[in-house]
Amino acid sequence: MTLEILTPEKKLYSGKVYGVQLPGISGSFEVLDKHAPIVSALGKGNLKILKDKNSFENYIIQGGFVEVLNNKATVLVEGAALVE
């Protein structure tokens, strides 16, 4: 699936991924390839990009929204920082 992470200032990430773990308002959830359409609010927390089954990137986000449609996840966040 395709993932895009956008802040008001810039595009943080764009590319093909295995999945993404997101900090929902009521707890974490995961979106994988061919997920059903969804729109959800996000809270502060860890966003984990699953590039493939063995590699990943972590971002700390300040809240926002995610939309999943046609095998593309678009994450709109107020702020984010890559965790090294």
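Somewhere in region 76-84, is a residue β-branched (Val, Ile, Thr), in contact with a Ser or Thr (Cβ under 8 Å, 6 or more places away or on another chain) and part of a strand (DSSP E or B)?
yes
Are there any pairs, at least 6 apart or on different chains, whose C-beta atoms fall under 7 Å, with the first in region 1-17 and farther than 14 Å from Lys48 by Cα and the second charged (D, E, K, R) and modelled with pLDDT under 95, and if so, which?
Qualifying pairs under 7 Å: Met1/Asp33.
Could you list, in sequence order, all residues of region 52-72 that are of a type in the set (Lys, Arg) and either surrounded by 12 or more Cβ atoms within 10 Å (Cβ to Cβ) or in contact with a strand residue (DSSP E or B) (Cβ under 8 Å, 6 or more places away or on another chain) (or both)?
Lys72
Restricting region 15-39 to residues that are charged (D, E, K, R) and modelled with pLDDT under 95, which is least open to solvent (accessible area, probe 1.4 Å)?
Step by step, filter region 15-39, then rank; the result is Asp33.
Could you grab me the full set of residues in region 29-75 that are of a type outside the set (A, V, I, L, M, F, W, C) and not in a strand (DSSP E or B)?
Those that are of a type outside the set (A, V, I, L, M, F, W, C) and not in a strand (DSSP E or B): Asp33, Lys34, His35, Pro37, Lys51, Asp52, Lys53, Asn54, Ser55, Asn70, Asn71.
The values are calculated or read from the model by the stated rules, or taken from the named source; none is laboratory data. This one's a predicted model, so the numbers in the text were calculated from it and none came from an experiment. So basically every Cβ, Gly included, is an ideal-geometry build from the backbone, and we count neighbours across all protein chains shown. For the accessible areas, the whole protein counts, side chains as well, though only heavy atoms, and no ligand, DNA or RNA atoms are used. Shrake-Rupley method; radii C 1.70, N 1.55, O 1.52, S 1.80 Å.
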